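K.L.:
Provided herewith is a single structure, encoded as structure tokens, for subsequent inquiry.
The values are calculated or read from the model by the stated rules, or taken from the named source; none is laboratory data. Predicted, not measured: the structure shown is a model, and the values here were computed from it. Neighbour counts run over all protein chains shown; Cβ positions are idealised from the backbone, glycine included.
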Amino acid sequence: MSGFLVLERNRNTRETWLTPRALLASLGVKFDLDPCAAPSPRPWPTAKRHIELPTNGLAAPWSGRIWLNPPYGKQAGLWLKRLADHGNGIALVFARTETAMFHEQVWPRASAVLFLRGRVSFCDADGRPADRSVSPSVLVAYGADNAEKLSRCGLEGAFLPITPATRASGRQADLALSSPIGGHQ
């Protein structure tokens, strides 16, 4: 859930993967709420306020700037819809641009995306680095201030502002590569 990723291997096994502390720090953002936070005790905070199971963060009231690393899988689209409706936050999701989730909640509704270079190395429930993700990831910003934060965060990848003009035309803006090492991908 947000602040962490849950993988279901089978009915009896569940693994918690935390958002790396360095990734959160690189954003330079103070988040007000993580609506699907890692279970307590968590090794580092992702926001001022955390909602964790058994509370349903999808149904709970949201306020302020949201950090969202939703449960990955079929529910991710519901979490992104809620964030898009809220209009203020940043989400970390798999960069699966062909999915209905992307076509319904990212391209027509987000303010910007940052396709991260390489794969994110999530952390286990104790905060220790784990294996790299199985898929590439993207940060999705909702709200102009959050888009600005993504554009200036210094994380390597491809930053893409999504403007009303590009939404109306059905075209996406030119990619602006952001990389501390000169933009080479």
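K.L.:
Could you list, in sequence order, all residues of segment 101-119 that are of a type in the set (Phe, Trp, Tyr) and touching a strand residue (DSSP E or B) at 6+ places or on another chain (Cβ under 6 Å)? Spell out how you get there, then give the answer.
P.N.:
From segment 101-119, those of a type in the set (Phe, Trp, Tyr) are 102, 107, 115; that's our starting set.
Listed by number, the list holds a single entry, Phe115.
K.L.:
Just to verify a result, which residue in segment 38-59, among those that are hydroxyl-bearing (Ser, Thr, Tyr) and under 23 Å from Leu27 (Cβ atoms), is surrounded by the fewest Cβ atoms within 10 Å (Cβ to Cβ)?
P.N.:
To start, the set of residues in segment 38-59 that are hydroxyl-bearing (Ser, Thr, Tyr) comprises 40, 46, 55.
Then drop every residue that is not under 23 Å from Leu27 (Cβ atoms), which leaves 40, 46.
Values: Ser40: 7, Thr46: 23.
Ranking the candidates gives Ser40 first.
K.L.:
Scan segment 17-42 for residues that are more than 15 Å from Leu68 (Cα to Cα), of a type in the set (S, T, N, Q) and at pLDDT below 95 and jot them down.
P.N.:
Listed by number, the list holds a single entry, Ser40.
K.L.:
Select from segment 52-92 the residues that are modelled with pLDDT under 95, under 16 Å from Phe122 (Cβ atoms) and in contact with a Pro (Cβ under 9 Å, 6 or more places away or on another chain) and list them in ascending order.
P.N.:
Within segment 52-92, Pro70, Ala76 meet the criteria.
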